[in-house]
Amino acid sequence: MKVFYKSSNYSENNEEERYKIEIVIKRKEFKLLEDIIEEFGVSNPTLKIKTLSKVHGKITTTRVKEI
(Lines give C-alpha, C1' and ligand atoms only; values in the text may rest on other atoms or scores of the structure.)
Protein backbone atom coordinates (compact mmCIF):
# COMPACT_ATOMS: atom_id res chain seq x y z
CA MET A 1 0.00 0.00 0.00
CA LYS A 2 1.43 3.38 -0.97
CA VAL A 3 0.12 6.23 1.12
CA PHE A 4 0.34 10.00 0.86
CA TYR A 5 -0.89 11.80 3.91
CA LYS A 6 -0.96 15.23 5.47
CA SER A 7 -1.85 15.78 9.10
CA SER A 8 -2.75 18.86 11.11
CA ASN A 9 -4.42 19.40 14.45
CA TYR A 10 -6.69 22.15 15.64
CA SER A 11 -9.29 22.88 18.29
CA GLU A 12 -12.58 24.68 17.89
CA ASN A 13 -14.39 26.60 20.62
CA ASN A 14 -12.25 25.13 23.41
CA GLU A 15 -13.21 21.59 22.45
CA GLU A 16 -10.94 18.59 22.39
CA GLU A 17 -8.06 18.68 19.95
CA ARG A 18 -9.09 17.36 16.54
CA TYR A 19 -6.98 15.97 13.71
CA LYS A 20 -7.39 16.28 9.98
CA ILE A 21 -5.56 13.62 7.98
CA GLU A 22 -5.63 13.41 4.19
CA ILE A 23 -4.76 10.01 2.71
CA VAL A 24 -4.55 8.84 -0.90
CA ILE A 25 -4.96 5.06 -1.26
CA LYS A 26 -6.53 2.64 -3.68
CA ARG A 27 -10.21 2.06 -2.99
CA LYS A 28 -9.67 -1.70 -2.61
CA GLU A 29 -7.24 -1.01 0.28
CA PHE A 30 -9.83 0.94 2.29
CA LYS A 31 -10.51 -2.00 4.64
CA LEU A 32 -6.81 -2.02 5.57
CA LEU A 33 -7.04 1.68 6.43
CA GLU A 34 -10.07 1.00 8.66
CA ASP A 35 -8.09 -1.70 10.49
CA ILE A 36 -5.17 0.69 11.06
CA ILE A 37 -7.48 3.42 12.38
CA GLU A 38 -9.13 0.94 14.75
CA GLU A 39 -5.71 -0.30 15.94
CA PHE A 40 -4.94 3.23 17.16
CA GLY A 41 -8.14 3.37 19.20
CA VAL A 42 -10.12 5.67 16.93
CA SER A 43 -13.75 4.64 16.74
CA ASN A 44 -16.37 6.05 14.41
CA PRO A 45 -14.23 8.74 12.69
CA THR A 46 -15.75 11.25 10.31
CA LEU A 47 -14.55 10.30 6.82
CA LYS A 48 -14.78 12.25 3.58
CA ILE A 49 -14.05 10.13 0.51
CA LYS A 50 -13.21 11.65 -2.87
CA THR A 51 -12.49 9.90 -6.17
CA LEU A 52 -9.37 11.03 -8.01
CA SER A 53 -9.44 10.94 -11.79
CA LYS A 54 -6.07 12.55 -12.52
CA VAL A 55 -3.03 13.31 -10.42
CA HIS A 56 -0.57 15.99 -11.51
CA GLY A 57 2.91 16.15 -10.04
CA LYS A 58 4.47 13.64 -7.71
CA ILE A 59 3.00 11.58 -4.92
CA THR A 60 5.58 10.47 -2.40
CA THR A 61 5.35 7.65 0.08
CA THR A 62 6.08 8.05 3.75
CA ARG A 63 6.91 5.32 6.21
CA VAL A 64 5.80 5.60 9.80
CA LYS A 65 8.41 4.68 12.39
CA GLU A 66 7.17 2.85 15.46
CA ILE A 67 8.13 4.42 18.76
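The values are calculated or read from the model by the stated rules, or taken from the named source; none is laboratory data. The model shown is predicted, which means the values in this text are computed figures rather than measured ones. Glycine gets a Cβ as well: all are built from the backbone with ideal geometry, and neighbour counts include every protein chain shown.
So which residues in the stretch 20-44 are more than 22 Å from residue 55 (Cβ to Cβ) and part of a helix (DSSP H, G or I), if there are any at all?
31, 34, 35, 36, 37, 38, 39
Restricting to the stretch 2-48, what's the tally of residues that are surrounded by 10 or more Cβ atoms within 10 Å (Cβ to Cβ) and at pLDDT below 60?
Total satisfying the criteria: 5.
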